[in-house]
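Working notes for the structure below.
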Amino acid sequence: MRSLIVIFLLITPLVCGLAQVKEAHLTLAAGNAQGTFSLLGGYNRELGTNKKFAVGLGARFTSYFGSDQYYRTAPAKLTTGSTGPLVIFKEDIPENIDSVLIAAPQVNSFNVFINLRYAFTNKVEVGFNIDAIGFSFGSGTSGVYYNFPATTPTNTNPATFNLLLISDNDKGSLNSEFYLAYLISAKWALKAAAQFHFTEYRTDTDVQQFPEPNDRFRNKSLMAAIGLVRRW
């Protein structure tokens, strides 16, 4: 795990070698009986003569915690019957979707993220960032598998590999934000955001058997967030 962190931190400045702005965000998010703490650092390259648009890359640590959260069947081939690029437009197949109730989920993730930013004025900016690839860790915990009306106790662990694909094709735990930033000085800004966060757990056995064996279950969380931005 330590070697992966070193690799990510080395790749970030190399990929953005022409970057002009270094940036760090501290963000807190809260939703329905759940929340996150995240810390990111990265580089942005400002484009164009007026430098209003920026593209960036960096690394983000996110710690997610919740209470009594339902995790539903994760693989796209089960939830929608499709794994192609148009899966985002597919309707769910309710009879293929079961769930696992986890009393106290807690997942930590470390991912490389991509950032897009646009400055409306010298004070107001809007941006979007999304995790692309990385890993997660956390303690195993007990859960209850629901295939209504039947229930079955099970053991779960956070999925370790994270990868951005498309919608339910995604794997693991991924964080993304639409944010509005207000610069209070040349180096500091306040941020308000809508955070969309995935976490994924795997059961110790294939508890779901229809339409095929499955041990992957996902929670999708939309939360309000606030944060502090520091630039160099």
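Points to keep in mind about this one:
- Calculated diffusion of the chain, Stokes-Einstein form, Kirkwood radius summed over Cα pairs, 20 °C and 1.002 mPa s, µm²/s: 115
- The 3J(HN,Hα) values that the Karplus relation (6.51, -1.76, 1.60; θ = phi - 60°) gives for the stretch 139-145 are, in residue order, 6, x, 8, 7, x, 10, 7 Hz. Gly and Pro appear as x.
- Table column - 3J(HN,Hα) (Hz), the stretch 162-170, Karplus curve with 6.51, -1.76, 1.60, x for Gly and Pro: 10, 8, 7, 10, 9, 6, 5, 6, 4
- Degrees between helix 2-15 axis and first principal axis of the chain (Cα, 0 to 90, nearest 10): 40
- Net lengthening on full extension, Lys52/Ile97 (0.36 nm per residue, minus Cα-Cα): 11.8 nm
- Given charges at beta-carbon only (K, R positive; D, E negative), |dipole| of the stretch 109-192 in Debye: 320
- Residue-averaged [θ]222 nm for the chain, counting only DSSP H segments that reach four residues, each worth -39500 (n - 2.57): -2000 deg cm²/dmol
- Each Lys and Arg Cβ is given +1 and each Asp and Glu Cβ -1; about its Cα centre, the chain then shows a dipole of about 1260 debye.
- Residues Thr141, Thr199, Thr27, ranked from the fewest to the most other C-beta atoms within 10 Å, line up as Thr141, Thr27, Thr199.
- Per-residue Cβ neighbour rank within 10 angstrom, fewest leading, Tyr146, Tyr70, Tyr43: Tyr70, Tyr146, Tyr43
- Part-to-part distance (alpha-carbon centres) for the stretch 83-108 and the stretch 161-232, which is given in Å: 14
Every number here is computed from the coordinates shown, using simple stated rules; none is lab data. Remember, predicted model here, so these are calculated numbers, not experimental data. Quick reminder, even Gly has a Cβ in these numbers, built from the backbone with ideal geometry, and neighbours come from all protein chains shown.
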